[in-house]
1. Among the residues of the stretch 328-357, how many are within 14 Å of L427 (Cβ to Cβ), under 13 Å from the mean Cα position of the chain (by Cα) and aromatic (F, W, Y)?
2. Are any of the residues in the stretch 300-320 within 16 Å of ligand 1 (Cβ to nearest atom), in a helix (DSSP H, G or I) and at pLDDT below 95?
3. Residues in the stretch 333-345 that are more than 12 Å from ligand 1 (Cβ to nearest atom) and either of a type outside the set (D, E, K, R) or in a strand (DSSP E or B) (or both): how many?
4. Name the residue, out of M273, M330, M324, that is more than 16 Å from ligand 1 (Cβ to nearest atom) and crowded, with 17+ Cβ neighbours inside 10 Å.
5. With the requirement that a residue be of a type in the set (G, A, S), out of contact with any helix residue (DSSP H, G or I) (no Cβ under 9 Å at 6 or more places or on another chain) and part of a strand (DSSP E or B), what does the stretch 73-105 give you?
6. Between residues in the stretch 368-379 that are in contact (Cβ under 8 Å) with a residue 24 or more places away in the chain and more than 17 Å from R422 (Cβ to Cβ) and residues that are β-branched (V, I, T) and assigned to a helix (DSSP H, G or I), which pairs lie under 6 Å by C-beta distance while being six or more apart or on different chains?
7. So, in the stretch 358-371, exactly how many residues are within 12 Å of ligand 2 (Cβ to nearest atom) and either more than 13 Å from the chain's Cα centre (by Cα) or β-branched (V, I, T) (or both)?
8. Grab the helices (runs of 4 or more DSSP H) fully contained in the stretch 158-240, keeping just those with 3 or more residues being within 16 Å of ligand 1 (Cβ to nearest atom).
Amino acid sequence: MNSLVRRSAHQLSRWRTLCTKPGAPEAAASPGKPSYEEFIGHQQWQARCSIVVQVSSEKSYPELYNYCSRFGEIRGAQHYCVRQDEALHYVLLEYATPDEAAAAIGAGVTNGELTSGVPVRSPFLWFRAAGGGRKSAKLAPNQVPQLLSIDGNRQVEQGHLLELLRSAQGIEEQVQLLHEHTRLNELGIRMRFLAALQVEQAIAGMFPAAQAQPFGSSVNGFGRMGCDLDLILRFDNDMGGRNPAEATAEPSRLVYHTKENLSNGRSQTQRHMECFGDMLHLFLPGVCHVRRILQARVPIIKYHHEHLDLEVDLSMSNLTGFYMSELLYMFGEMDARVRPLTFSIRRWAQSCGLTNPSPGRWISNFSLTCLVMFFLQQLRQPILPTIGALAKAAQPKDSRLTEDGINCTFARDVERVGFRSRNQSSLSELLLQFFEFYSQFDFHNRAISLNEGRPLSKPDHSAMYIVNPLEQLLNVSKNVSLEECERLRIEVRNAAWILESEVENVDRQELSWGLLNLFKHPEKAVIRPNMFFKPRMVEVSDLFEEKQTKEASNSSSAITYKSSSVRQQVQSIKAATRSELKQLQNSPKNRRSSR
Ligand code: GTP
Ligand code: MG
C-alpha cells in the first residue's frame, strides 16, 4: 500500500524518535508547551506501557497489583466502570516501560471456558479468580499505589453542572468551569490511544510500519467527555525500518515482493477497509457494532468499543483531518481563552439544537470551531494568527505533503511566527463579541477564510462558506442548508441579546443567570426579539437575498440582463439596499426597541 504522507528525512527521524524510541518521550519534549507531535508521541508511549484488566470490582485491585507487579514496575492505576446492564469494572495499569506491559500481555492465556472464538493477544485482559484458593503473597497496603477512580467517558450530570455554574462568581468563571468540567480528561485520552494501539498491534504482523493515529477532538484539545474517537490508519511503507539512521543510509537492495492492486485508488481503499472492518468485527476483543460507511467522501468504519465505552470512526484516507487537528491543537495552546470560549459556544449551539451528533444539513462542531477561530483572528486586536501567517513562517522541517499532494505545511513552532496578542478582553466580553460578530456577518455574500483571517467573496451559492484551510478549493460547511444557516443567524442574535442583558444585569440570586440563560432550550428561552420588531427588517432583506440565491442557483428562473451596465446597476441598488437595511437593524434605536 502506498504511504499516505511524505516527509523530509529529518522530520521522519524526529517522528520515529517521538513515537518509537524505547525511552520515555518526556526527554524529547521541549521545556515549554509540548508540540502536537510531542503530545501525540507521549500519549502513544503511555498506551504502549498500559494494559486494561477487567476485574469483578475495584476491591480486586490490591490483588491485581500484587499479581501484575511480577512483570515490572507499575507506575499508576486507574479504575473505571462501563455501565451496561450491570456495571463492568476495569483497571488501567501503567508500567514504567512498554516491554513490561508486553511481558504482562505475553503472560496472558486464552480463556479455556469459551467453546468458540479465536484467541487474540491484545492489551485488553480479564483477571480471573485464583484457582484452588491459591493467592499471591500479599503486599503491605502502603506498598500499593493508590487506585484512582475516574471516569474517562461519562459526561458530568446536567443537574450537577448547572449547580456548579449557578454557584460561580461571574460569567467569566462560568465559562472556565464549563470547560474544566466537560473537557475530555486524562483517562479519556489514554483510553483513546489504547483503542488506537489495539488496531495497530492487531495488524502489526503483516504491517509492522502501520500506525493508527487518533485525530479530531480526542487530541486537539476541543474534545468533551464522551466524544468519539477519529482514527486514521496509515501504512507508511516508505518510512522504511524503525532505525532513524536508516533514513540517511544507502537504500536497501532487498525489496519486499508486493501484490499489485489494479483497481483505482478509491475503490481499492474501500475494498481494504471492508477487509479491515471484517477483521475488527471478527477478531478484536471489545469491538462491536461494526458499520461500514464506504460511500462517503472519506470512507469510514464505525464501531463501538465495549471495554472502553467508546465510539470509533476509522478512516484510511483523510490525512488532512489529522493535520487540521494539529492546527486546532496549536490554536488552543496559543491562548488560554481559546478552548474555554469554544466549549461555551459549542454547548450553546448544542442546547439550541444548532448542532447534532449525527451528520446532516446542520453545522458540524468542526465548522462551528472554525467560526470561533475566525472570529478570534479577525478581531481588531487578534487573539490568533492567520493560517497564512503560519504557512509563511514554515521551515523546511515543517514541510508536509499528503499522498494526494495536499500541502499541509505550516510553522509548528509558534515562536517563529512572532505573533503576540495584545487583546485583553475577558471571556465574557469575547463571548458577547462572538455573537454580535456573527449577528452582523454577511453569510449571503461572504466566505470565511482562516487562511486570510478576513471574509472573502463567496465563490458559490452554498448557504455558508468556510474555506477549508488545507484544501482551499473546498467548503468545510458545504452541508449546511439555507434554513440551518438562517437558524444560526437567528440564534446568534438571540444569544447576543440575552448575553448583553446578562452582562449588564447579573442577578446571581436568581436560579438561572449568565451562561445558564444562554443554554436554555429555545422553547423555554426568553421571548425572542425577532418575534416582534427585528423579523420585519430581517425578512425583507432575507427574502431579497434568498431570492437572489434562488435566482442564481436556478438558471431557468434567473433574470438575464441583456445589458451588463443594467445588471451592474441592479446589483449595486440591491447591495445599497441591503447595507441600508443592515444599518437600520443595527442602529441603537432599533436594538433597543427590539427588546
Ligand atoms: P466532535 O467529533 O464533534 O467532537 O468534533 P471533531 O473535531 O472530532 O469533528 P469530526 O469528528 O467531525 O472530525 C474530526 C476531525 O477531522 C476534525 O477535528 C478536523 O480536524 C477534521 N475535519 C473534519 N471535517 C473536515 C474538513 O471538512 N476539512 C478538513 N481539512 N478537516 C476536517
Ligand atoms: Mg470527532
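1. Of the residues in that region, 1 qualify.
2. Among the residues of the stretch 300-320, at least one is within 16 Å of ligand 1 (Cβ to nearest atom), in a helix (DSSP H, G or I) and at pLDDT below 95, which makes the answer yes.
3. Residues meeting the conditions: 7.
4. None of the others qualify; the one that does is M273.
5. Of everything in the stretch 73-105, those that are of a type in the set (G, A, S), out of contact with any helix residue (DSSP H, G or I) (no Cβ under 9 Å at 6 or more places or on another chain) and part of a strand (DSSP E or B) turn out to be G76, A87.
6. T369/T342; V372/T342; V372/I345
7. Here the count works out to 2.
8. In the stretch 158-240, the matching helices (runs of 4 or more DSSP H) lie at 171-182, 186-202.
The values are calculated or read from the model by the stated rules, or taken from the named source; none is laboratory data. Predicted, not measured: the structure shown is a model, and the values here were computed from it. Positions of Cβ are generated from backbone atoms using ideal geometry, with glycine treated the same way; all protein chains shown enter the neighbour counts.
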